[in-house]
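Trainee: Right, I'll just put the structure down here and ask away after.
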Amino acid sequence: MLKEIFLYFCQSEYFNLPSKRRRGKSTFTVLLASYLHYIVGHDVLVVDCDYPQWSIYAQRERELSLIEHDDYHKLLLVRQFKATGRKLWPLLKCMPPEAPEEVERLLQSGCHPRIILYDLPGTVNAEGVIRLLASLDAVFVPLKADKVVMESTLSFARSLTTNLAQNPGLTLRSVYLFWTMIDRRERTPLYDQYEAVIRKLGLPLMAKEMEDRIDAYFEQCKGEPLYDESGMPVFDKKGNPVLIHEKPPTIVGLALALGFTSRQTLLNYAAKPEFVDTITRGKSRVEAYAAERLFDRDGAKGAEFTLACNFGWKMPKETAEDGEKAQSGVILMSSRRTGDTPSQEWPFPAPFSVKAPVRPASCGTGGACPRRPPALSDQRHCH
């Protein structure tokens, strides 16, 4: 049985945060459990250890009561079951110290979830929380752009990574941070500053945020259409829209768009297992653009430089001998040695080299043509 255990942990490391600074960890856990269970088709178990409010358990009780006394919601549940073929995901309510034993007892009773989601209390000071954290596979920590929340969360995540995730004797291997409660209309450079601090601390952010930034960077590189005075887009002679502020995507530009200070910092960050696929896809998009420009007469040189420096491409180099031959107009027709037996595919009796020919109308001689190589002049004359 494949079993992956996740934890959604929200609050401060040392104290409970006031309600206005909470980040909706229970709500997010319910949404994720429903998506994985009903949409993806994974068997999910949710363990509510969020004492004393028991947010998820209380919500489930309200839902069951509503279904029992309201025919409309009962019909909605029936329709959902017919559409997905899946019952409600199971929910276990227990205190943190009791969670491992309760989960094991449930597994032995015949419940075999692939993913177990834990919703823990808002402080590690609660009994049994540290022990439970050490037994999980991964911890996901939601972030909110609030000074108090950020300070406590980063302190907790760094301590968890150093003391538990990097301990080879424990099960916990990964700690992930992700943004929540983001108002896209109000997103400011403050997020960029926070993320720069997070990267400096060596803490991983979820890749989805990075993917969004990569997509935004490539969209920005495409430029924007030029409009005339009447507000209509301007087109060139071939019927293509004229773009302004267009720029080629580069590794350095990608690094800056992601908030890194240099190209090398991006390459170092790509070594992290949780981001290797995302950053590799971004680099591949830069590589694909440069490879396409090799067929463009204007951008071929820059593309060659980018491919050679950033992606290890080996471009064919022209030797001094090749350069002299190209300048003198000499064309090598074959590599066969003199005296080899001519083949039917090779119409000439021996390999030879000729300058780019300028054939005269007539050489004015009746014998061998002085303007042709000997190998041809004894077979054909100019008249």
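Laboratory data are not the source of any read-out in this text; all were calculated from the coordinates shown. Fair warning: this is a prediction, and the values are worked out from it, not measured in the lab. Using ideal geometry, Cβ is built from the backbone for each residue, glycine included, and neighbour counts are taken over all protein chains shown.
Trainee: List the residues whose amide H sits under 5 Å from the amide H of Lys93, counting only those 5 or more places along or on another chain, with H placed 1.01 Å from N in the peptide plane.
Mentor: Asp48
Trainee: Something else about it: Going by how many other beta carbons lie within 10 Å of each one, how would you line up Tyr217, Tyr227, Tyr118, Tyr51, fewest first?
Mentor: Working: Tyr217 20, Tyr227 13, Tyr118 26, Tyr51 16.
With the fewest neighbours first, Tyr217, Tyr227, Tyr118, Tyr51 line up as Tyr227, Tyr51, Tyr217, Tyr118.
Trainee: Using alpha carbons only, how many angstrom separate the centre of the stretch 189-239 from the centre of the stretch 80-118?
Mentor: Result: 41 Å between the Cα centres.
Trainee: Okay, moving on. Short version: ³J(HN,Hα) in whole Hz for each residue of the stretch 290-305, in order, from phi by Karplus 6.51 cos²θ - 1.76 cosθ + 1.60 (θ = phi - 60°), x for Gly and Pro, what are they?
Mentor: Here the 3J(HN,Hα) series is 5, 5, 5, 6, 4, 8, 9, 4, 6, x, 5, 5, x, 5, 4, 4 Hz.
Trainee: Another question, if that's okay. Say the cut-off is 31 Å between C-alpha atoms; which of Lys82/Lys144; Lys25/Lys200; Lys25/Lys272; Lys144/Lys283; Lys82/Lys272 go over it?
Mentor: On the way: Lys82/Lys144 38 Å; Lys25/Lys200 25 Å; Lys25/Lys272 25 Å; Lys144/Lys283 29 Å; Lys82/Lys272 42 Å.
Distance filter (> 31 Å) returns Lys82/Lys144; Lys82/Lys272.
Trainee: Would you kindly derive the ³J(HN,Hα) couplings of the stretch 238-252 from the backbone phi angles with the Karplus curve 6.51 cos²θ - 1.76 cosθ + 1.60 (θ = phi - 60°), listing them in order in whole Hz, with x for Gly and Pro?
Mentor: Running phi through 6.51 cos²θ - 1.76 cosθ + 1.60 with θ = phi - 60° gives 8, x, 8, x, 7, 9, 10, 6, 7, 8, x, x, 9, 5, 5 Hz.
Trainee: Let me ask another. Putting +1 on Lys and Arg Cβ atoms and -1 on Asp and Glu Cβ atoms, find which of Cys94, Ile130, Phe81 reaches farthest to the positive end of the dipole of the stretch 46-138.
Mentor: Result: Phe81.
Trainee: Can I ask one more? Order 67-75, 135-143, 37-45 from most to least packed using the mean count of other Cβ atoms within 10 Å.
Mentor: On the way: 67-75: 11.1, 135-143: 20.6, 37-45: 16.9.
Result, highest mean Cβ count within 10 Å first: 135-143, 37-45, 67-75.
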